[in-house]
Structure formats: C-alpha cells, structure tokens
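Peer 1: Handing you this structure, nothing more for now.
The values are calculated or read from the model by the stated rules, or taken from the named source; none is laboratory data. Fair warning: this is a prediction, and the values are worked out from it, not measured in the lab. Glycine gets a Cβ as well: all are built from the backbone with ideal geometry, and neighbour counts include every protein chain shown.
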Amino acid sequence: MKRLDRPVFFNDDAAIIALSNNELVNSYPLLRDNLAAVRAGYQQYAAMNGDVSQIQNVPIPPELAALLKAHYASPNQDIEFIDKLRLDGEVKTCPMCGSAGGGTLDHFMPKADYPCFSIFGMNLVPACKCNLLRTDVLSLPAHPGARLLHPYYDDILRERLLRARFRDLGPVPKVTLHGTLDAAHPFRNAVEFHLTQVVRRTRVKEWIAGEWSKLVLKPSLVIRALKTNPGSRAELVDLLEEERQEVDESTGSKNSWGSMLVTGLLEDSVVDWLFAALWGPGRAQNGPLVNL
C-alpha cells in the first residue's frame, strides 16, 4: 500500500473531449453524444476524492461501454497516456497491497461494472497481480467508512497502517496481519476493509513466514545488523527501528511487506523472544536462533 502522486503528464478532461471529436475512431459519434454524462462522471470522481462509497455509476449505452473498454485495450493518440502509464507506471511498492511487484494497471473501479471510467486516468493505478485477486466489492454501505483506499487520493496511505503479528514463536510461528489504527480512528473501517479485500488475498503471509524462516536460520539474511548480537534489549529495538526506517525509505512506503514484517518484529513479546534467542547458550554469532 502506498500513496501515489497524481500523474501530471495528461489531462483527463481534455483527452475525453479530443477522443469524442475524433471522427476516425469507432466511438464517434456515440461518445460525442454522451460526452456531457462522461465528463460529469469524471468530475464527480474527483470531487469525491476517489471515495468509492460516494462515487455514483454513470449510465451509458452498452455499445459505448464496449467501445470505451476497447479504447483502453488499444489506445489511440488522444489517450496515449494509457500506454505511458503502462510503461512508466512501475513502482517499488504496489500501491494496493504493498508487495514489491508491479507491471499491471488496475482499474480501481472495475471497468466491467463502471465502464464510464475505463479510460479515466485517475482510475488507473499501477499495481501488481493483486488486481486479479481482489474482489469487485468496493465498499460496505452497512459499515460506514468501509471502502478501498485510493492511492491517488487517500493521504492516510502515507501513515503506518498494517503490521504482521507472530504467535507461537519458534521455527514456524503463526502469522497474521492487522491494522494499526485504533477503533476510534476515522479511517479504521477503510483500512480493515482494504486489508480484507486486497492485502490478505495476496501471498503476503507466506512471504513474511518465509522471511521469518530465514531470520531463524541466519538473522542477518533479514536484519543485516544482526551479524553480531546487540548488547541489550534496547539496542535490539534500536537496530530493528533503523532497519524499518531503511525499508520505508527504500520502498517509499510505510506499508510495504517488508515494513509490515519489521513492525511485527518490534512487538514487545517478539523482541523478548528474539533477544533471548540471540543470546541462547552456545549459539554462534549469526547462527540459527533455534535448534533445527
């Protein structure tokens, strides 16, 4: 998960107007005849700051819906920004799930259900294959505030929102994912919804479990500073916090999978276990933390 700067190399309104007036494309004159409705849809999307619980679907003729989807698949020069988003949209951290993957464009509001936004640039988010795993459920009206977080609009994505939790510590602990916001926070329901609908559907738990396995085998494979044992519990906390800061900076996000991992390691019970294991009787520096 990551807050993205909005692209500045195109103008959605100018692009849709140009496309609507292009007599050489199949959508002419149908798009021209429905231009007012499409533009109004774009404007309300921006006015609602990408809040999917507030954005209304835009009724357009089925034929135009199919044509807009075709334009997305094969953009002409009027909407060439879509190809640029595909080519230049690589990110260090997936804005939707926090993985290190990328390479796809996610229709934040799916084009199958919201065809008006098929070629709307602010609806096209660079992402990893998590866009194939999430459901088409965008919000839960019965739970106020429960909705997907939008990388182009939701500034809360700059904050630390998710953490791993380890239980039954040892060679193979139980790994779960949790939000960090308290129950009274106005974005609590949104974070929990996004966690359930997007993040937990990925292989993040398996990845974190794999990192734990490496940590147990050779700590420096995961936390580089653990080549040598910290002299105190406080020193261990300091080096874990330094590691997390470096992960945050290198990925540009406080909600990358790596950040979730280290935040989980900073839980008091985990720090206690790690410090005791690091100083276990007869253990070699940077050797296994448990008998395997």
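Peer 1: From the set of residues in region 272-287 that are surrounded by 13 or more Cβ atoms within 10 Å (Cβ to Cβ) and among the aliphatic types (A, V, I, L, M), which is nearest to the chain's Cα centre (by Cα)?
Peer 2: Only one residue fits best here, namely LEU274.
Peer 1: Can you find a residue that is surrounded by 17 or more Cβ atoms within 10 Å (Cβ to Cβ), at pLDDT 95 or above and either on the phi > 0 side of the Ramachandran plot or polar (S, T, N, Q) (or both) anywhere in region 139-152?
Peer 2: Scanning region 139-152 turns up at least one residue that is surrounded by 17 or more Cβ atoms within 10 Å (Cβ to Cβ), at pLDDT 95 or above and either on the phi > 0 side of the Ramachandran plot or polar (S, T, N, Q) (or both).
Peer 1: How many residues are without any contact (Cβ under 8 Å) to a residue 60 or more places away in the chain and in a loop (DSSP other than H, G, I, E, B) if we restrict to region 129-145?
Peer 2: Adding up the residues that qualify gives 5.
So that you can scan it fast, the table gives a plain yes or no per residue for (1) under 27 Å from ASP88 (Cα atoms); (2) over 29 Å from the mean Cα position of the chain (by Cα); (3) among the small types (Gly, Ala, Ser):
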position: PHE10; (1), (2), (3): yes, no, no
position: ASP13; (1), (2), (3): yes, no, no
position: ASN22; (1), (2), (3): yes, yes, no
position: LEU31; (1), (2), (3): no, yes, no
position: ASN34; (1), (2), (3): no, yes, no
position: ALA37; (1), (2), (3): no, yes, yes
position: VAL58; (1), (2), (3): no, no, no
position: LEU64; (1), (2), (3): no, yes, no
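Peer 1: Determine which member of the set SER269, SER250, SER232 is in the same structural domain as SER213 (by TED's automatic domain parsing), hydroxyl-bearing (Ser, Thr, Tyr), surrounded by fewer than 17 Cβ atoms within 10 Å (Cβ to Cβ) and farther than 27 Å from LEU161 by Cβ.
Peer 2: So the residue among SER269, SER250, SER232 that is in the same structural domain as SER213 (by TED's automatic domain parsing), hydroxyl-bearing (Ser, Thr, Tyr), surrounded by fewer than 17 Cβ atoms within 10 Å (Cβ to Cβ) and farther than 27 Å from LEU161 by Cβ is SER232.
Peer 1: Checking LEU85 against (1) under 29 Å from the mean Cα position of the chain (by Cα); (2) modelled with pLDDT of 95 or more; (3) not in a loop (DSSP other than H, G, I, E, B): exactly one of these is not met. Which one?
Peer 2: For LEU85, the exception is condition (2).
Peer 1: Mind listing whichever residues of region 158-195 are of a type in the set (A, V, I, L, M) and not in a loop (DSSP other than H, G, I, E, B)?
Peer 2: Once the filter is applied, which keeps residues that are of a type in the set (A, V, I, L, M) and not in a loop (DSSP other than H, G, I, E, B), region 158-195 yields LEU162, ALA164, VAL175, LEU177, ALA190, VAL191, LEU195.
Peer 1: Now, a different point. Checking the conditions here, which among GLU211, GLU192 is modelled with pLDDT of 95 or more and either under 19 Å from the mean Cα position of the chain (by Cα) or among the aromatic types (Phe, Trp, Tyr) (or both)?
Peer 2: Of GLU211, GLU192, the one residue that is modelled with pLDDT of 95 or more and either under 19 Å from the mean Cα position of the chain (by Cα) or among the aromatic types (Phe, Trp, Tyr) (or both) is GLU192.
Peer 1: Still on this model: Kindly indicate which of ILE156, ILE208 is in contact with a helix residue (DSSP H, G or I) (Cβ under 6 Å, 6 or more places away or on another chain) and within 16 Å of MET1 (Cα to Cα).
Peer 2: One residue alone meets the criteria, ILE208.
Peer 1: Another question, if that's okay. Among the residues of region 106-113, is there at least one that is under 29 Å from GLU246 (Cα atoms) and touching a Phe, Trp or Tyr at 6+ places or on another chain (Cβ under 6 Å)?
Peer 2: For region 106-113, residues under 29 Å from GLU246 (Cα atoms) and touching a Phe, Trp or Tyr at 6+ places or on another chain (Cβ under 6 Å): absent.
Peer 1: Go over the candidates SER27, SER118 one by one and state the one that is in contact with a Phe, Trp or Tyr (Cβ under 7 Å, 6 or more places away or on another chain) and either without any contact (Cβ under 8 Å) to a residue 40 or more places away in the chain or of a type outside the set (A, V, I, L, M) (or both).
Peer 2: Step by step, each of SER27, SER118 is checked, and only SER118 is in contact with a Phe, Trp or Tyr (Cβ under 7 Å, 6 or more places away or on another chain) and either without any contact (Cβ under 8 Å) to a residue 40 or more places away in the chain or of a type outside the set (A, V, I, L, M) (or both).
Table: residues versus (1) surrounded by fewer than 22 Cβ atoms within 10 Å (Cβ to Cβ); (2) touching a strand residue (DSSP E or B) at 6+ places or on another chain (Cβ under 8 Å); (3) on the phi < 0 side of the Ramachandran plot; (4) among the aliphatic types (A, V, I, L, M).
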| residue | (1), (2), (3), (4) |
| --- | --- |
| ARG86 | yes, yes, yes, no |
| PRO95 | no, yes, yes, no |
| ASP113 | yes, no, yes, no |
| MET122 | yes, no, yes, yes |
| LYS129 | yes, yes, yes, no |
| ILE156 | yes, no, yes, yes |
| LEU161 | no, yes, yes, yes |
| ARG165 | yes, yes, yes, no |
| HIS185 | yes, no, yes, no |
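Peer 1: Moving to a separate point now. If LEU105 satisfies all but one of (1) touching a residue at least 40 places away in the same chain (Cβ under 8 Å); (2) within 15 Å of ILE119 (Cα to Cα), what's the number of the condition it fails?
Peer 2: Every listed condition holds for LEU105 apart from (1).
Peer 1: Here's a follow-up. Would you mind stating whether LEU181 is out of contact with any Pro (no Cβ under 8 Å at 6 or more places or on another chain) and either modelled with pLDDT of 95 or more or of a type in the set (D, E, K, R) (or both)?
Peer 2: Values: out of contact with any Pro (no Cβ under 8 Å at 6 or more places or on another chain): yes; either modelled with pLDDT of 95 or more or of a type in the set (D, E, K, R) (or both): yes.
For LEU181, the condition - out of contact with any Pro (no Cβ under 8 Å at 6 or more places or on another chain) and either modelled with pLDDT of 95 or more or of a type in the set (D, E, K, R) (or both) - is met.
Peer 1: Quick one: count up the residues across region 53-92 that are within 24 Å of GLY252 (Cβ to Cβ) and in contact with a Lys or Arg (Cβ under 8 Å, 6 or more places away or on another chain).
Peer 2: Result for region 53-92: 1.
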